[in-house]
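These notes concern the structure reproduced below.
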Amino acid sequence: MAHAYTPGLRVSEMTVLRKERRLPIKGDVIVSKGDRVSSDTVVARTHLPGNVRLVNVASKFGLPPEDLPSVMTKKAGDPIEKEKPIAVTKGFFGFFKGTVNSPCDGTLESISTITGQVILREPPMPIEVDAYVDGEVVEVFENEGVAIEVKGSFIQGIFGVGGERAGEICVAVDGPDQKLEAALLDESMQGKVVIGGSHIDWDGFEKAMKIGVNGIVVGGFDDPDLKKLLGKDLGVAITGSENIATTLILTEGFGAMGMAGGTFSLLKSREGKKASINGATQIRAGVMRPEIVIPMPDAELPAGDGMSSSGGLEIGSSIRVIREPHFGSLGTVTGLPNDLQKMESESMVRVLKVKLADGSETVLPRANVEMIEG
Amino acid sequence: MSENGKIRTIVATDCGSTTTKAILIKLIDGEYRLVVRGEAPTTVEAPFEDVTRGVLNAVREVEELSGHTILDGETFIHPSEGDRGVDLYLSTSSAGGGLQMMVAGVVKSMTAESAERAALGAGAIVMDVLASNDGRLPHEQIERIRHLRPDMILLSGGIDGGTVTHVVELGQVVAAADPKPRLGMGYNLPVIYAGNVNARGEVDDLLKEKTALSMVDNLRPVLERENLGPAREEIHELFMEHVMAQAPGYNKLMGWTDSPIMPTPGAVGSIMETIAERRGIEVVGVDIGGATTDIFSVFQHTFNRTVSANLGMSYSVSNVLAEAGIENVMRWVPFKLPELAVRNRIKNKMIRPTTVPQSLEDLKIEQAIAREALRLAFIQHKSFAVGLKGVQQERTISEAFSQSSSGETLVNMMDLDILVGSGGVLSHAPRRQQAALMMIDAFLPEGITQLAVDSIFMMPQLGVLAAVHEKAATEVFEKDCLIYLGTLVAPVGTSQEGKPCLKIETTLPNGTVVNDDIPFGEMVVYPLGVDESVKAKLTPAKGFNLGEGAGKPLECTLTGGVVGLMVDTRGRPFELPTDEHKRVEKLEKWAKAFDAYPA
């Protein structure tokens with residue numbers, strides 16, 4: 001049978017996921033293999049070395065750098081306090097003493113007789129890594145972090161902004177094609193992950209942030225609204241570290257586009273359950289897409305890995321068109337010819353034949369469709 | 001067969017972030033020629049995590065297409081035996097994001113700029129340039145180093161015998177940051193010191209415990225001279241030793257190649273430099289990719305490379321819009337679309353980077369974006385390509401201090417002999433005329449300039465080949481790599497539409513006698529094929545210059561190509577009409593003159 005590979009986002013009713021949670025530098029892992037953890041459980045912590053301050057004591061006193069040790073009141077390794085002296089000149093007969101105070105708390109790291117600089121280090125900064133998902137610790141990476149296994153539903157979005165958050169799923173629309181208008185959002189959604197349909201506009205998203213909604217999952221969002229949200233035009237799709245109150249995950253793309261039926265009905269069926277979401281997106285080598293993880297510890301696992309839409313495109317496969325013309329349309333594959341065909345643009349490409357939802361038939365570049373569920 | 005040690009069969013691969021490309025070159029009738037090209041997905045990431053899988057797959061495709069056996073199972077047959085095997089196997093790589101570096105120097109416009117030039121020339125992406133006078137406080141610089149996690153740091157500063165204080169201060173900043181490499185926790189970050197020799201002892205004390213420190217000759221030993229070679233070589237060596245060695249499968253691949261693996265852009269730069277030197281010409285080359293646009297130039301024997309890390313046609317397409325502005329992109333489009341639609345369309349290309357333009361309308365939008373990406377990348381290149389070599393003899397100390405701020409660029413479009421384009425949007429444009437128009441609009445060549453595209457983007461492989469077998473590299477480059485589009489004649493000057501601009505007198509190979517007065521504001525193409533050339537007399541109108549001076553005629557030989565002999569009398573500096581109706585009419589007229597799109 002004719003068969004082709006095409007990109008597709010993963011949507012799974014039930015699967016087992018493994019999430020690695022690692023510290024940026026070595027530290028302490030504070031959970032053990034076999035522990036059950038919830039999304040907010042701290043699994044590892046460490047201290048980042050404090051920020052460094054450089055103070056040119058020699059130039060402040062107008063001394064040659066090699067004379068620096070003679071004026072220092074603290075030596076390398078000594079603790080220092082903010083606004084307390086670290087160097088004092090002798091002055092004339094005890095008068096006209098010059099003093100240099102520390103700009104911070106911490107320790108004195110080194111004194112350089114070449115540059116006249118004194119290097120001060122602020123106190124270490126604690127960092128903690130939480131579990132992000134409810135699950136079980138299945139592996140401990142000594143001094144680095146853990147792997148957590150979680151059984152449940154898993155949905156990838158196409159693009160997101162905002163970092164990791166968790167909350168109860170709340171479906172705010174009647175169907176995948178309905179827009180998530182501001183009027184559909186209310187105070188009861190504070191702390192929740194709200195599922196919309198085809199689109200959310202700026203008024204809606206602004207209201208969601210004001211209410212304190214933890215996450216919004218919708219089909220599409222407009223680029224000018226994204227610019228408003230980020231305060232700048234997003235140049236490169238590397239997101240996740242934005243300082244915004246509500247994480248946004250788009251399942252389909254930019255513009256108004258009905259959420260894929262399978263994605264919507266899966267989310268609808270999980271209403272009231274806790275979801276962990278992450279808007280982080282990175283579209284470069286090592287693609288990272290935003291995700292929704294809904295732990296279901298007591299559910300039965302189906303055969304296989306439960307993942308769908310990640311492999312072959314066959315006659316009968318459901319697809320979504322991901323480029324103009326017909327952008328956003330759904331259809332069914334009716335043919336997979338082998339030969340290259342010339343498009344209107346005169347590009348020679350591999351194609352597929354598609355019957356679109358409105359009943360019309362068309363030929364599209366294979367690169368311009370993605371497989372979807374439902 | 002390898003007779004008398006002669007190289008008869010060569011395979012070269014380029015392991016890109018997404019695709020591994022392999023080419024097979026053979027000695028045919030005393031000349032090296034490309035036989036076939038194969039490709040396969042790069043396999044650096046899960047589930048394979050071994051770059052050699054992709055290399056073997058690409059080479060197998062070459063075997064299938066050429067019928068020449070190269071592998072015995074998973075081993076190269078080396079050297080060749082009869083009709084099997086290869087005599088030389090080479091590779092370049094940009095997989096895993098290429099080589100990402102930070103550079104540091106004392107004065108931003110002097111040693112720091114020289115360090116940046118050395119790193120870029122070696123094929124690195126420069127993530128940030130630290131300098132004592134970059135306006136940041138030391139703790140901000142330290143935070144930056146920690147945050148960026150480069151693959152390598154190049155530290156320079158001070159002329160030999162000069163003051164050591166500032167460069168040691170920079171060393172203190174690097175030491176305080178205690179930098180960690182991007183890939184893995186298990187090794188020390190390579191730091192190259194290429195500054196004042198008198199500060200070596202202090203720098204060693206500061207950094208030898210915390211980093212993998214190496215020392216090379218000062219890259220700016222005196223104010224008026226750069227010495228970038230040793231730093232570049234050390235970067236290549238450390239790239240192999242530290243960065244590549246961390247990437248999955250590279251240790252195996254390094255065992256297969258006959259010469260060290262080069263970073264892809266370093267290899268492209270090397271072939272450009274070789275060609276410019278051999279032919280004694282001034283060259284500009286561009287490679288526009290999905291994520292980045294690299295520009296290479298050789299003017300006055302000085303090679304420069306810049307990489308515009310976030311100007312590209314897929315991953316970075318949205319950044320082109322952000323940097324150029326939507327008006328600048330849309331000015332090249334001969335129809336109107338609402339801003340919301342264009343913005344959403346470009347963002348959708350960014351999040352689904354592998355899609356292709358199906359409609360003509362979409363193709364025109366994509367080529368409009370390409371013009372802006374190329375234009376912006378070239379502006380960056382011109383502002384950076386301010387070499388020292390061309391003026392060193394006259395240069396005084398005070399001139400040396402002002403060299404970058406006053407920044408006379410080396411890029412002189414009137415002197416440019418050939419402009420070479422490569423990368424998907426140029427190499428794979430449905431019609432070559434489209435590639436020619438994009439390059440003309442973005443680079444605005446002046447005078448007489450030959451245009452070419454890299455047919456299948458094999459410059460990286462030829463670059464690494466040039467380092468070990470220059471003859472093979474240049475022969476394949478000339479015969480198989482470059483597709484000549486033709487020669488462009490573009491007088492410098494401006495006037496009003498319809499006023500005299502250029503008189504062209506020649507006889508075309510088909511016998512047609514040309515004696516045309518071409519008014520201002522036109523684009524004209526004459527048939528002149530590949531390997532054809534004509535003698536022509538070109539007389540610019542008063543106020544226009546073709547390199548001989550305003551209004552001065554020029555007699556020269558013009559060579560052809562797949563597009564032909566192109567004449568652009570739209571003026572330099574070039575401006576599109578501001579009137580909407582007029583602009584669309586002009587764009588359509590120029591495209592028609594080139595037969596760029598289907599009717």
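Bear in mind these aren't lab numbers, they're just calculated from the coordinates by the rules spelled out. A quick note: this is a predicted structure, and the numbers were derived from the prediction, not measured. Quick reminder, even Gly has a Cβ in these numbers, built from the backbone with ideal geometry, and neighbours come from all protein chains shown.
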Extent along principal axes [Cα atoms of the protein assembly as shown; Å; largest to smallest]: 94, 81, 67
Cross-link partners of B:Lys499 among aspartates and glutamates (Cα-Cα below 13 Å; sequence separation of 8 or more within a chain): B:Asp517, B:Glu522
Spin-label model distance (nm) - A:Glu149 vs B:Ser66, 7 Å beyond Cα toward Cβ: 4.8
Nearest-0.05 FRET efficiency for A:Asp339 and A:Ile30, computed from C-beta distance (R0 56 Å): 0.40
Gyration tensor (Cα) of the stretch A:124-231, equivalent ellipsoid semi-axes in angstrom: 31, 17, 13
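Within 10 Å of each Cβ of A:340-346, how many other protein chain Cβ atoms are there on average? Display every interim value, and only then the final one.
Details: counts 0, 0, 2, 8, 8, 15, 9.
Mean partner-chain Cβ count within 10 Å for A:340-346: 6.
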Amide N proximity, the stretch A:121-137 versus A:Asp105 label position 7 Å along Cα-to-Cβ, cut-off under 17 Å: A:121-127
Taking only Cα atoms of the stretch B:150-202, radius of gyration then Dmax in Å: 12.1, 38
B:Arg279 paired with B:Glu478, simple spin-label distance in nm, labels 7 Å along Cα-to-beta-carbon: 1.0
Kirkwood hydrodynamic radius (C-alpha pairs) into Stokes-Einstein, the stretch B:9-86, 20 °C and 1.002 mPa s, D in µm²/s: 169
Shielding by partners - mean other protein chain Cβ count within 10 Å, residues of A:218-226: 3
From phi via Karplus (6.51, -1.76, 1.60), per-residue ³J(HN,Hα) for the stretch A:345-356 in Hz, x at Gly/Pro: 6, 6, 5, 9, 9, 7, 10, 9, 9, 9, 9, 7
Set of lysines near A:Lys273 by C-alpha distance (under 22 Å), chain-local residues within fewer than 8 positions excluded: A:Lys19, A:Lys151, A:Lys192
Hz values of 3J(HN,Hα) by residue in the stretch B:212-219 - Karplus curve (6.51, -1.76, 1.60), Gly and Pro given as x: 8, 8, 10, 10, 10, 4, 4, 7
The stretch A:24-98, Rg to Rh (Cα coordinates; Rh as Kirkwood inverse mean 1/r): 1.32
Antiparallel content of DSSP bridges confined to chain B, in %, to 5: 65
Cut-off under 5 Å, modelled amide H: who pairs with A:Lys84 long-range: A:Ser102
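For the pair B:Thr409 and A:Glu300, what calculated FRET efficiency results from E = 1/(1 + (r/R0)^6), where r is the Cβ-Cβ distance and R0 = 60 Å, to the nearest 0.05?
The formula returns an efficiency of 0.30 here.
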Those GluC sites (Glu not before Pro) in the stretch A:180-286 that DSSP places in a loop and that have at most 11 other beta carbons within 10 Å: A:Glu271
Distance histogram for the stretch A:312-371 (every C-alpha pair counted, 10 angstrom bins, percent rounded to whole numbers): 25, 60, 15
Given charges at beta-carbon only (K, R positive; D, E negative), |dipole| of the protein assembly as shown in Debye: 1100
Cα centroid separation, the stretch A:109-161 to the stretch A:196-220 (Å): 29
Nearest-0.05 FRET efficiency for A:Asp67 and B:Phe48, computed from C-beta distance (R0 56 Å): 0.35
DSSP bridge orientation in the protein assembly as shown - percent antiparallel, rounded to nearest 5: 75
Neighbourhood charge, 13 Å Cβ-Cβ cut-off, centred on A:Asn338 and excluding it, Lys, Arg +1 and Asp, Glu -1: +2
Cut-off under 5 Å, modelled amide H: who pairs with B:Leu213 long-range: B:Val191
Helical contribution to [θ] at 222 nm, DSSP H n ≥ 4, -39,500 (n - 2.57), averaged over chain B, rounded to 500: -10000 deg cm²/dmol
Volume in Å³ per residue [convex hull over Cα atoms, computed for chain B]: 174
Lysines with Cα under 18 Å of A:Lys90, excluding same-chain neighbours fewer than 8 positions away: A:Lys60, A:Lys74, A:Lys75
Extended-chain gain in nm, criterion 0.36 nm per residue less alpha-carbon gap, B:Phe335 and B:Arg136: 67.1 nm
Binned Cα-Cα distance frequencies in the stretch B:427-554 - 10 Å width, integer %: 11, 33, 32, 17, 6, 0
Long-range HN-HN contacts of A:Leu313 with modeled amide H, under 5 Å: A:Ala4, A:Tyr5, A:Thr6
Spherically averaged projected area of chain A from its Cα convex hull (nm²): 26.9
In sequence order, calculated HN-Hα J values of the stretch B:225-234 (Karplus, 6.51, -1.76, 1.60; Hz; x Gly/Pro): 9, 9, 9, 7, x, x, 5, 4, 5, 5
Peptide ranges B:99-106, B:311-318 listed from the most packed, as the mean C-beta count within 10 angstrom indicates: B:99-106, B:311-318
10 °C / 1.306 mPa s Stokes-Einstein diffusion coefficient of the stretch B:96-251, Kirkwood radius on C-alpha pairs, µm²/s: 106
Residue mean of other protein chain beta carbons inside 10 Å, B:162-169: 3
